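Undergrad: This is the structure I want to talk about, given as structure tokens.
The values are calculated or read from the model by the stated rules, or taken from the named source; none is laboratory data. None of these values were measured; they are calculated from a predicted model. Positions of Cβ are backbone-derived with ideal geometry, glycine not excepted, and every protein chain shown enters the neighbour counts.
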Amino acid sequence: MLKSTLDEKRDPLMSSKHNTSPFVSIVICTYNRKRLLKKCLDSLFALKYPKTCYEIVIVDGGSTDGTHRLLQQFPEIRLIVEKRFGLAYARNKGAELSKGSIVAYTDDDCVVDQYWLNCLLSGFQYSSSIVGVGGPVLPVNSNLIPNKIFVKPALGLFDEGKEPKLVRGIITSNAAFKREIFNATRFDEALGTTRRGKLILCGEDVDFCETLIKSNYKLLYVPDAKVYHQLSKNRLRVAYIVKHAIHNGISVAKFFKKANSSRVWMIRLAVGRLFQSILSLFSDRSFTTCYSILASLSALFVCVTGLDKVLL
């Protein structure tokens with residue numbers, strides 16, 4: 001029943017009982033990715049959704065590569081320039097200044113399917129308790145990714161299958177939320193930070209979704225709301241994936257610390273995570289499992305040494 005309902009909404013020429021399109025604010029956070037951002041914007045302007053029913057809000061972290069000159073070609077775009085850096089901060093600022101009843105997110109290195117918005121919005125009609133809808137993030141060209149390094153977390157990919165389902169989390173490169181939820185919760189800016197070229201902390205979207213779930217809201221995954229990730233050559237290197245795993249572990253340690261600052265409790269969680277990762281070797285001896293083990297070791301090291309007091 002859910003699948004047939006969502007499939008019906010994929011058609012942009014909806015029946016008269018569904019022809020009231022909500023106004024959507026599409027928020028994109030960017031920094032020095034002019035070439036990738038141009039492809040992202042081209043896909044957004046090709047959406048099969050009424051042009052008067054969505055706006056594009058760009059939150060720029062102070063780009064120096066000509067991004068502002070690029071955006072002058074699109075006078076309908078709302079540009080917000082922020083000196084403070086960090087994805088979580090930028091996402092919060094975009095939501096704060098948005099005009100839509102729905103706030104949708106994608107990334108500057110993504111290209112959206114032409115029915116992306118239609119499919120995301122269809123999910124909200126399933127139940128009034130659904131406050132967030134997300135879809136898969138797929139590679140633009142999967143043939144370019146060697147099988148041995150097809151590690152979804154490191155490559156920024158996400159896929160929960162071919163059927164719509166209630167989930168515990170969606171990722172912000174392909175997500176939409178009811179605007180009113182930002183009055184109750186925001187992305188944790190201590191989790192979603194970036195020190196340019198140095199340390200990348202993530203997990204703010206995981207934390208955001210967990211907060212919503214604990215508040216008895218629901219999140220829905222819809223497979224037809226597709227976004228395609230433009231992967232740079234750098235992300236296809238083993239060295240990058242190893243570095244990403246280490247940074248992911250540091251982020252996990254920060255997540256543990258936020259939940260409970262007790263050092264013993266943090267270490268117990270880290271040990272449990274590492275044990276689960278090692279057990280998965282018996283069923284999956286892929287690079288993904290190796291990534292998970294390395295990230296777990298990184299989290300445990302930070303928790304045991306107290307390095308979080310310095311890094312976090």
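Undergrad: Mind listing whichever residues of segment 130-169 are farther than 20 Å from residue 244 by Cβ and among the aliphatic types (A, V, I, L, M)?
TA: 130, 131, 133, 166, 167
Undergrad: Related question: Please work out if residue 168 is surrounded by fewer than 21 Cβ atoms within 10 Å (Cβ to Cβ) and more than 15 Å from the chain's Cα centre (by Cα).
TA: Taking the combined requirement at face value, the residue does not satisfy it.
Undergrad: I'm told residue 99 meets every condition in (1) part of a helix (DSSP H, G or I); (2) surrounded by fewer than 17 Cβ atoms within 10 Å (Cβ to Cβ); (3) of a type in the set (Lys, Arg) except one. Can you identify the failing condition by its number?
TA: The single condition residue 99 does not satisfy is (1).
Undergrad: Looking for something surrounded by 21 or more Cβ atoms within 10 Å (Cβ to Cβ), of a type in the set (Gly, Ala, Ser), on the phi < 0 side of the Ramachandran plot and not assigned by TED's automatic domain parsing to the domain that holds residue 47 - is there at least one such residue anywhere in segment 215-234?
TA: no
Undergrad: For residue 111, all conditions in the list (1) in a loop (DSSP other than H, G, I, E, B); (2) modelled with pLDDT of 95 or more hold save one; what is the number of the exception?
TA: Here residue 111 clears every test but (1).
Undergrad: Which is touching a residue at least 12 places away in the same chain (Cβ under 8 Å), of a type in the set (Val, Ile, Thr) and over 19 Å from residue 170 (Cβ atoms), of 213, 246?
TA: 246 is the lone residue from the list that is touching a residue at least 12 places away in the same chain (Cβ under 8 Å), of a type in the set (Val, Ile, Thr) and over 19 Å from residue 170 (Cβ atoms).
Undergrad: So which residues in segment 114-132 are within 24 Å of residue 34 (Cβ to Cβ) and at pLDDT below 95?
TA: None; the set is empty.
Undergrad: Assess whether residue 300 counts as being touching a Lys or Arg at 6+ places or on another chain (Cβ under 9 Å), more than 28 Å from residue 134 (Cβ to Cβ) and outside any loop (DSSP other than H, G, I, E, B).
TA: Judged against the criteria, residue 300 is a match.
Undergrad: Among the residues of segment 195-204, is any touching a Lys or Arg at 6+ places or on another chain (Cβ under 7 Å), buried (at least 18 other Cβ atoms within 10 Å of the Cβ), among the aliphatic types (A, V, I, L, M) and in the same structural domain as residue 170 (by TED's automatic domain parsing)?
TA: Scanning segment 195-204 turns up at least one residue that is touching a Lys or Arg at 6+ places or on another chain (Cβ under 7 Å), buried (at least 18 other Cβ atoms within 10 Å of the Cβ), among the aliphatic types (A, V, I, L, M) and in the same structural domain as residue 170 (by TED's automatic domain parsing).
Undergrad: I want to confirm something. Restricting to segment 1-58 and keeping residues that are basic (Lys, Arg) and not in a loop (DSSP other than H, G, I, E, B), which single residue is modelled with the lowest pLDDT?
TA: Across segment 1-58, the extreme among qualifying residues is 17.
Undergrad: Also, I was wondering about something else. I need the full set of residues from segment 59-96 which are over 22 Å from residue 117 (Cβ atoms), in contact with a Leu (Cβ under 7 Å, 6 or more places away or on another chain) and part of a loop (DSSP other than H, G, I, E, B), in order please.
TA: Within segment 59-96, none qualify.
Undergrad: Which residues, counting only those in segment 41-70, are farther than 17 Å from residue 97 by Cβ, among the β-branched types (Val, Ile, Thr) and crowded, with 16+ Cβ neighbours inside 10 Å?
TA: Passing the criteria: only 67.
Undergrad: Additional query: Please tell me if residue 208 is in contact with a helix residue (DSSP H, G or I) (Cβ under 7 Å, 6 or more places away or on another chain), touching a residue at least 12 places away in the same chain (Cβ under 8 Å) and assigned to a helix (DSSP H, G or I). So that I can check it myself, show each step before the final result.
TA: Working: in contact with a helix residue (DSSP H, G or I) (Cβ under 7 Å, 6 or more places away or on another chain): no; touching a residue at least 12 places away in the same chain (Cβ under 8 Å): yes; assigned to a helix (DSSP H, G or I): yes.
Here the answer is no, as residue 208 does not meet what is asked.
Undergrad: Moving to a separate point now. Which of the residues spanning segment 71-96 are surrounded by fewer than 17 Cβ atoms within 10 Å (Cβ to Cβ), farther than 22 Å from residue 45 by Cβ, touching a strand residue (DSSP E or B) at 6+ places or on another chain (Cβ under 9 Å) and free of Cβ contacts under 8 Å to residues at least 40 places away in the same chain?
TA: 82
Undergrad: Anything in segment 258-300 that is modelled with pLDDT under 90, of a type outside the set (A, V, I, L, M, F, W, C) and either under 17 Å from residue 202 (Cα atoms) or in contact with a His (Cβ under 9 Å, 6 or more places away or on another chain) (or both)? List them, or say none.
TA: Result: 258, single match.
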